[in-house]
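J.: Please read through the structure below; I'll follow up with questions.
What follows is calculated from the coordinates using simple rules that are stated; it is not laboratory data. Note that the coordinates shown come from a computational prediction; the quantities given were computed from them, not determined experimentally. Neighbour counts are summed over all protein chains in view; Cβ atoms, including those assigned to glycine, are modelled from backbone coordinates with ideal geometry.
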Amino acid sequence: MLSILSTQHDLKNYIANKIAAGKTIGFVPTMGALHEGHLTLAREALAENDECIVSIFVNPKQFAPHEDFDKYPRTLDKDSALLEDIGVQSIFAPSVDVMYPPDFQSSVTVGNISKPLEGEFRPHFFTGVATVVTRLLLLVGAHKAYFGEKDYQQLQVIKALQRDLAIPTEIIGVPTVREASGLALSSRNAYLSPTQKDQALTIIRTLRHMADELKSGQPIAQIEATATENLLSAGFDKVDYMTIRDADTLLPPTPTTKSHRLLAAAWLGQTRLIDNIGVSSK
Ligand code: AMP
């Protein structure tokens, strides 16, 4: 039976009972509109813990005023059915007032790792994410929490805040789930027309091509410039970044870089898509 919890009090009671019964708890924070990527995180949480709790909360603090907070898909009934089907025992679906009571006045800002890439193009974003994730991790008090590599920089930001603030939940990264075509699953794919969905495939194809070029020793600036051109000629309206970075710092690679991460953010009409892949050491 699936329990749907919406208040801090109900969540605390629910968790306290499970802990008292000796259960281990895996936690999967989401914004809902669930797809196979989210379900993979939940399955992994179920495989490694006795209980899985999934939170569904569209976090206003991580959207800038001009972004898609209002139109972000909200599908709680469908999400609940999907989670119940795979054996998830509980959902935490708080209102904005529960997550941010009227006197809420704190925020969590992570340093260097949150500055480049998404930090540059979405200046509100990581403080919004870090604040909500810190609050959720502390409210739930799970043994392990699961996050996707689809949001690679976000995963690094969360690992940093967990370490720096000594949050007792272990953070687990899960590889990106893709369609057979290679397209990374994303709730925002729902905004794409069939033609745009085809165009969107250029991101992963180009990232994979960049990885081959990197391994064959081509200069990074040239690989990045060609890749950007490639997206624009496939019909992307704007490329925020198409770049090769040090996988640990997310800064441009240096001679001491051990592994590379190739990251993309680009716009198809009003829809901003992100993706990334890793290239391990030479
Ligand atoms: P969201 O609901 O988009 O905030 O995502 C919730 C969690 O699911 C985050 O940890 C995401 O990184 C993860 N996630 C989203 N899409 C995927 C995917 N295609 N594969 C793996 N994890 C994903």
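J.: Only residues that are within 9 Å of the ligand (Cβ to nearest atom), in contact with an Asp or Glu (Cβ under 6 Å, 6 or more places away or on another chain) and more than 21 Å from residue 53 (Cβ to Cβ): list them for segment 131-187, please.
T.: Matches in segment 131-187: 175, 176, 184, 185.
J.: Please tell me if residue 198 is within 16 Å of the ligand (Cβ to nearest atom), among the charged types (D, E, K, R) and in a helix (DSSP H, G or I).
T.: no
J.: Count, please, the residues in segment 140-157 that happen to be of a type in the set (Ser, Thr, Tyr) and under 11 Å from residue 118 (Cα atoms).
T.: 1
J.: Being closer than 24 Å to residue 67 by Cα and in contact with a strand residue (DSSP E or B) (Cβ under 6 Å, 6 or more places away or on another chain) is the filter here, so list the residues in segment 244-272 that pass it.
T.: 263, 264, 265, 266, 267
J.: Now for a separate question. Go through segment 144-154 residue by residue and tally those that are over 14 Å from residue 31 (Cβ atoms) and touching a Gly at 6+ places or on another chain (Cβ under 7 Å).
T.: 3
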